[in-house]
Amino acid sequence: MKKLFLIVAGVCFFMISHSQTKVYVIGTTHTEKDEINVERFENILGKIGPDVILVELDSTMLRKEKGFNFENEHLTGSMENLAMYNYQQKNRVVLRPFDITNRNKFYRESGYFAKERGMFNDLHEMRKKHELSEANERYFDLAWSILDFYAESEHRMFSDINSDVCQKFTELKYTTYDIFLQICKDEPKLQKWVDFAQLQRDFWIKRNQTMVDNITHFAEEFRGKTIAVVVGYEHLYFLVNQLKKNENVVLSDWR
């Protein structure tokens, strides 16, 4: 009886372990800096040995009809894309895009970055002239100190940008969207920026959630395989927090 129990337990363990998908989420800076470079990134991929790599591009940029191929799409310019391309030449690995569809089109057609600059310029001017309410001056100073500190942080290694501390601080950074939105709602002179501040906040959440949904989809499609998710490190906190809730995904640590 004991032997039968051990056999059944072993079979169950085998079935469960092979029905789960192992996912490694790797944060990157997109550009080379010190130890964050093509060679180091290739080494990380070699250590993981993924069957599938999910790329921070959308389906209009890394296309099925082009064979999901960086070279065919002329996309080998960035640090991580070149590393993934090099890795693909030496190993059998499947590439898939997982970012929100028409990401760049959205930024372009909404005038996103010009509006972002305009909103921050107006916020700065009002703060400099003490035209914000006393409470909103404090909230602005708090939010801006977070952004300043974050911008000055030195990230020289993959282990730095993928650390738990960095993820926590990045999560804090994006709470500033809520602060700026509330200031714009409170201040009559900033009312023209309310719609953009809301859009900025909502699109960040929507884009990250879409990434999570697409990772979950591919984890199901490639069930039992090893997947490497390559993404800008500022998305890490959101992706990791959400993927931890998925019972069919084994979130693995490559560090």
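Condition check for Asn91 on (1) in contact with a strand residue (DSSP E or B) (Cβ under 7 Å, 6 or more places away or on another chain); (2) at negative phi; (3) open to solvent by 50 Å² or more (accessible area, probe 1.4 Å): one failure, at (1). Of the helices (runs of 4 or more DSSP H) lying entirely inside the range 119-226, those containing at least 3 residues that are over 21 Å from Ile100 (Cβ atoms) span 134-152, 158-161, 164-173, 176-186. Taking the criterion of being farther than 15 Å from Leu82 by Cα, open to solvent by less than 20 Å² (accessible area, probe 1.4 Å) and touching a residue at least 60 places away in the same chain (Cβ under 8 Å), the residues of the range 49-67 that qualify are Pro50, Val52. Scanning the range 101-113 for residues that are open to solvent by less than 60 Å² (accessible area, probe 1.4 Å) and either part of a helix (DSSP H, G or I) or in contact with a Leu (Cβ under 8 Å, 6 or more places away or on another chain) (or both) yields Arg103, Phe106, Tyr107, Ser110, Tyr112.
Yes/no per residue for (1) open to solvent by less than 10 Å² (accessible area, probe 1.4 Å); (2) in contact with a strand residue (DSSP E or B) (Cβ under 9 Å, 6 or more places away or on another chain):
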| site | (1), (2) |
| --- | --- |
| Lys168 | no, no |
| Leu199 | no, no |
| Asp202 | no, no |
| Met211 | yes, yes |
| Thr216 | no, yes |
| Thr226 | no, yes |
| Val250 | no, yes |
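Testing Thr60 on (1) assigned to a loop (DSSP other than H, G, I, E, B); (2) within 17 Å of the chain's Cα centre (by Cα); (3) not small (Gly, Ala, Ser), one condition comes back false. Which one is that? Of everything listed in (1) assigned to a loop (DSSP other than H, G, I, E, B); (2) within 17 Å of the chain's Cα centre (by Cα); (3) not small (Gly, Ala, Ser), Thr60 misses just condition (2).
Checked against (1) surrounded by fewer than 14 Cβ atoms within 10 Å (Cβ to Cβ); (2) more than 17 Å from the chain's Cα centre (by Cα); (3) over 18 Å from Leu199 (Cβ atoms); (4) charged (D, E, K, R), Asp164 passes all but condition (2).
The values are calculated or read from the model by the stated rules, or taken from the named source; none is laboratory data. Worth saying up front: this structure is predicted, and the values here are computed from it rather than measured. Note: ideal-geometry Cβ built from the backbone for every residue, glycine included; neighbour counts use all protein chains shown. The accessibility values were calculated without ligands, DNA or RNA, using every heavy atom of the protein model including side chains. Shrake-Rupley method; radii C 1.70, N 1.55, O 1.52, S 1.80 Å.
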